Amino acid sequence: MQDKDTTQSTFTQVFQPFFSKDLWKKIDQGVPNFDQRNYKLKTNQLTLLISHAQLQEYKALRKISSNVQSNDFSEAIGLESISHSQISRRLRTLPIKVSEMLFKGVLSKVAQKKGDGKIQQRLGKLYMIDASVISLCLSRFPWAVFRKTKAGVKMHLRLSFDEMAIPDEVIITPAKTADRKKLDELIVVDKDALTIFDRGYIDYLLFDEYCEKEIRFVTRLKNNAVIEFTGVERPVEEEGSIEEDVDIILGTGTRPFAK
């Protein structure tokens, strides 16, 4: 069993970026006085509290509250006790700008330590884009309706991948927003980057633009894709993983062809 000092030391190391005074100073400059009246639960404590709860897979605010009162974790974040209603109130009033600056600040610190790995040396900078729907209560979030009995928002997440996946960009939209409408905001335009995304993001007209600008990407084709061969074909290794390397023109039955 770990003693108290070991528990606090491990927690501090894992969440080291959240303890950075410089990071919170920058956030305070970007969102002045955002923590001025939060005497009971400061934003840095709230962040650590929710991050720890996520790792522990707690399902309710009451569980988070009782955990603070029952173990050494409370000492690690400097919080003796907190009610579930106070946690709920702080989450409701937390400025989105604070969360955005915190995300980018921690990401910057991770990027400084990560460096270039083997995958980047072989393929260039590798990025992945995917979307997840987060369900919400329809009666409390009527603005987020996307089905008759459901509400929700969609999180479009871009990961920077090399040995490990690190969140690189996040966009939140109503759940009913089509994935492809956010592709242009998430695609990485650097010529040494390779972006991978699912077919929900497919937009053939954008593909034309990306090819002209030499923006590299990989995706799966939709079942209704129309393919026209151009006649340009390149040799492939007989025992390699690539079966065919040809130039084609893509489109659908309702949209113009895109090169």
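Scan segment 30-75 for residues that are surrounded by fewer than 13 Cβ atoms within 10 Å (Cβ to Cβ), modelled with pLDDT of 80 or more and assigned to a loop (DSSP other than H, G, I, E, B) and the total you get is 5. Figure legend. Inter-residue proximity from segment 8-26: first residues assigned by TED's automatic domain parsing to the domain that holds Phe73, second residues assigned to a helix (DSSP H, G or I) and at pLDDT below 70, beta-carbon distance below 7 Å, spacing 6+ or different chains. Indicated pairs: Phe19/Thr12. Residues considered: Phe207, Phe141. Of these, the only one that is crowded, with 17+ Cβ neighbours inside 10 Å and either in contact with a Lys or Arg (Cβ under 6 Å, 6 or more places away or on another chain) or not acidic (Asp, Glu) (or both) is Phe207.
Out of the residues in segment 157-216 that are in a strand (DSSP E or B) and among the acidic types (Asp, Glu), state the one that is farthest from Met101 (Cα to Cα). Lay out the reasoning, then the answer.
Of all residues in segment 157-216, those in a strand (DSSP E or B) come to 157-162, 164-174, 193-197, 216.
Filter once more, keeping what is among the acidic types (Asp, Glu): 162, 168-169.
Values: Asp162: 24, Asp168: 13, Glu169: 12 Å.
Among those residues, the one meeting the criterion is Asp162.
Among the residues of segment 135-187, the ones that are in contact with a Ser or Thr (Cβ under 7 Å, 6 or more places away or on another chain) and among the basic types (Lys, Arg) come to 3 in all.
What do you reckon, is Ile248 surrounded by 12 or more Cβ atoms within 10 Å (Cβ to Cβ), of a type outside the set (Gly, Ala, Ser) and not assigned by TED's automatic domain parsing to the domain that holds Ser132? Here the answer is yes, as Ile248 does meet what is asked.
The values are calculated or read from the model by the stated rules, or taken from the named source; none is laboratory data. Predicted, not measured: the structure shown is a model, and the values here were computed from it. In this analysis, Cβ positions are derived from the backbone assuming ideal geometry, glycine residues included, and neighbour counts consider all displayed protein chains.
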